[in-house]
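Worksheet: the structure to be examined is printed underneath.
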């Protein structure tokens, strides 16, 4: 056997062994997309503000914060990508509670500590609270609000030495109808270094905060000025709680308590650790894909792929006989390399991606057919079998490369301009093109020349 044939066969063996090691066991190694695994699909639109205008930098920072939140939430193989100038697509495979995911993704999570300057009276508790199902109740509620607003205005006038930017009127996150007049921001979420979920003395979930050195100084000063007074904890312009400061807090740590469930406290701590969104976002789409649909599509895709591959294998065996065996082995190597490539690139397999694999099967066989027909032409011209094989592969190489490079360019265009499943199809098709060219030019040639060389040596 010639040295070149031995080199090609050794290369094929090394590549196949490496691919087998990377692929098996297949379960859990390949990332499944939303359409196959089920989960949540969310489309966000970024909204610029006067303080943070919308630009490429703000959108990129938005993507970074979203990735950080999703990673800490523990979602496996999320897809977070930009679409256009101001939209972000978030696919969360395997998420069973899309509302919780939306709460995690869509909230700005802008945390602030502000001193309470005044608070409106609470609504009466229990049965005395108004019934908003009647016009009379609406009228009374309106009167109550006007009275509360008048009181706030009076309080605001008493703080006339402060500028308009120094005070803010915010509502509380409860059913008591309280409204707070707050000072400027004393400490913000930018001063945090950590946030964790814990439990208070009564076993209720809380979120503990740890400030940076600068944040600790600011919090120390704010609590010192608020001893015996309320210090409001504000999240996204809503007062979560406003506890009375009993003493100065100089340890650089704080605690957020409220009517949290454990899951809500965990999500809040994740959002605070990941940081606030640089710009507000609007939810354009939020839909859930059921896991049953995912299982059905996987079965349908596998069935279609197996049927297509089986028909191709039978055709090649019947039409080319021995050369058909080499083509079928080359096809098996192509499929193996496709899955190994997807796993190595950490690409996500989607339903269009399965279509790309099926298309790859046809393209791989097409390359072998071009080579075999060239070999037949060389044999018909009177050349020996080894010379015909050598000439057939050499003359078919240009055609194979031209056809596959053209398809690869089309796949690159799809990836650049597409998004979501379109990109998944482009990635799978690109990996399939590279694998099919390698199999046709290297694997098939090594197998055919190996057998031909042995037959020549025997004769």
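Every number here is computed from the coordinates shown, using simple stated rules; none is lab data. Note that this is a predicted model, so its numbers are computed, not measured. Glycine gets a Cβ as well: all are built from the backbone with ideal geometry, and neighbour counts include every protein chain shown.
Looking at the square roots a ≥ b ≥ c of the eigenvalues of the Cα gyration tensor of segment 278-414, which shape do they give, rounded for a/c under 1.5, prolate if a/b is larger than b/c, or oblate? Verdict is prolate for segment 278-414. Using the Cβ-Cβ distance between residue 329 and residue 422 with R0 set to 35 Å, the FRET efficiency works out to roughly 0.60. The distance linking segment 427-447 with segment 38-54 is 41 Å (Cα centroid to Cα centroid, whole angstrom). Does segment 361-417 come out rounded, prolate or oblate, given a ≥ b ≥ c as the square roots of the eigenvalues of its C-alpha gyration tensor, rounded meaning a/c under 1.5 and, failing that, prolate meaning a/b above b/c? Prolate. Counting every other Cβ atom within 10 Å of each residue's Cβ, 360, 398 order from fewest to most as 398, 360.
Residue separation of residue 314 and residue 246 scaled by 0.36 nm, minus their Cα-Cα distance, works out to 16.2 nm of gained length. For segment 334-400, the relative contact order works out to 28 percent when only alpha carbon pairs closer than 8 Å and six or more residues apart are counted.
Modelled spin labels at residue 321 and residue 255, positioned 7 Å past Cα toward Cβ, are 8.5 nm from each other. Modelled this way, with points 7 Å down the Cα-to-C-beta line, the labels at residue 296 and residue 214 are 5.5 nm from one another.
The largest-to-smallest principal axis extents of the Cα set in segment 202-253 are 27, 26, 24 Å.
Semi-axes of the equivalent ellipsoid for segment 339-378, computed as √(5λ) from the eigenvalues of its C-alpha gyration tensor and ordered from largest down, come to 30, 11, 4 Å. Spatially, segment 213-231 and segment 316-372 are offset by 67 Å when compared through their Cα centroids.
The ranking of 433, 400 from fewest to most other beta carbons within 10 Å of each one's beta carbon is 400, 433. The order of 417, 315, 113, going from fewest to most other C-beta atoms within 10 Å of their C-beta, is 417, 315, 113. Extension gain, residue 56-residue 402: 0.36 nm per intervening residue step, less the Cα-Cα distance, totals 120.8 nm.
What the Kirkwood sum gives for segment 344-458 is a hydrodynamic radius of 15.4 Å, with every pair of different alpha carbons counted. Each label was represented as a point 7 Å from its Cα along the Cα-to-Cβ direction; for residue 410 and residue 47 these points are 4.2 nm apart.
Length available on full extension from residue 200 to residue 287: 0.36 nm per residue minus the Cα-Cα distance, which gives 27.7 nm.
Kirkwood analysis of the Cα pair distances in segment 234-330 returns a hydrodynamic radius of 20.6 Å.
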